[in-house]
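Scroll down for the structure; my scribbles are underneath it.
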Amino acid sequence: MNNTLYIVIPCYNEEKGLRETIRRLFQKIRNLIDCGEITDKSRILFVDDCSKDSTWEIICQANRDNKLITGIKLSHNRGQQIAIYAGLMEANKYADFVITMDADLQDDIEVMHRFIEEYKNGMDVVYGVRSIRDKDSFIKRSTAQCYYKIINRLGIEIIYNHAEYRLMSKRVLNALANYHESHLFLRGIIPDIGFNSSIIEYPRNERFAGATKYTPKKMINLALDGITSFTDAPLKIALVIGLIFVIVGIIALIVDLFVHFQHLWTIFSLFLILGGINIFFVGVMGIYIGRILDEARQRPRYFVDQNLNNI
Ligand code: UDP
Ligand code: MG
């Protein structure tokens, strides 16, 4: 079994904590190579998602200092999902398996050897799952839990409390290369690909430095991508609610023929509710249509501006 590992890390404006991430990950990969767990062709691959700060310069410097550290820079900010995907496609040229993680040291790198153990036991995917989320803010924790509940109700298979800390084998990377959608939701796609998988639990730390790079807008878009790329249930819900209102409307009309219904305020409220529901579901349809348009355009998802990995 060939054991070349690439650790893929998306970075956007991470200059504050990146040196420490590099230092710790370098120690880890050195240790894994020295123990014979992985080959010396293994690399830490940073994907700079077109940061505005000195993130890329830090990656270049680390690469000059040590060839175990490498990187690619995207030509424009594309968001975490596309940045990870770009890194995975680069890694797939050289690696037998990859581990993805964020740049902020929230994921515990000490459990990495357990990921590798699972891989050597035949697992194609190993999901890192947060055993406790007490370091996340109350709002983040409760919105995440609410989202998991909604997404499960809609029948989408995702791993509870798992984000982007995961190991994937070459088989999975090859399968992933066939996913051409521009609205990527890796947390849904990887379980969708299938193959053998297992879970490793770890306590999630606080961000080492800097603030979250996920603006509320990016967060909402990711949440919507998770739903729209895996189910059309919201459209069907619109259909069912529409039907229910038609039936209730007909019944109300029949009742009205017998009892004079003259409460203006009730009529006004009903009018608002029905109008609101209508507009809401037109909006839901709009979101799907927008995404269909994005996919129909088939634009390239990213361009690699600079590549330290192939020089
Ligand atoms: N990230 C990225 N592009 C973006 C936003 C974020 O590559 O447009 C990276 C970021 O640098 C980090 C990871 O995605 O490595 C997760 O972001 P963050 O830690 O800010 O998210 P949170 O943990 O707060 O959800
Ligand atoms: Mg984070």
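The values are calculated or read from the model by the stated rules, or taken from the named source; none is laboratory data. Bear in mind the structure is a predicted one, so any value in this text is a computation, not a measurement. Note: ideal-geometry Cβ built from the backbone for every residue, glycine included; neighbour counts use all protein chains shown.
Observations, loosely collected:
- In the stretch 2-19, the residue that is nearest to R64 (Cα to Cα) out of those that are of a type outside the set (A, V, I, L, M, F, W, C) and within 13 Å of ligand 1 (Cβ to nearest atom) is E15.
- Among the residues of the stretch 97-144, those identified as of a type in the set (S, T, Y), at pLDDT 95 or above and out of contact with any His (no Cβ under 7 Å at 6 or more places or on another chain) are T100, Y119.
- Filtered by the rule that a residue be in a loop (DSSP other than H, G, I, E, B) and either surrounded by 11 or more Cβ atoms within 10 Å (Cβ to Cβ) or in contact (Cβ under 8 Å) with a residue 24 or more places away in the chain (or both), the stretch 271-309 gives Q298, R299, R301, Y302, F303, L308, N309.
- Scanning the stretch 15-73 for residues that are aromatic (F, W, Y) and either crowded, with 17+ Cβ neighbours inside 10 Å or outside any helix (DSSP H, G or I) (or both) yields F46, W56.
- Members of the stretch 23-34 that are within 25 Å of the chain's Cα centre (by Cα) and closer than 16 Å to L5 by Cα: L25, F26, K28, I29
- Subset tally (residues that are touching a strand residue (DSSP E or B) at 6+ places or on another chain (Cβ under 9 Å) and not polar (S, T, N, Q)) for the stretch 183-216: 14
- Filtered residues of the stretch 207-223 (kept if outside any loop (DSSP other than H, G, I, E, B), of a type outside the set (K, R) and near ligand 1 (Cβ under 10 Å from one of its atoms)): M219, L222
- Residues that are within 12 Å of ligand 1 (Cβ to nearest atom) and buried (at least 22 other Cβ atoms within 10 Å of the Cβ) number at least 2 in the following helices (runs of 4 or more DSSP H) confined to the stretch 77-160: 80-91.
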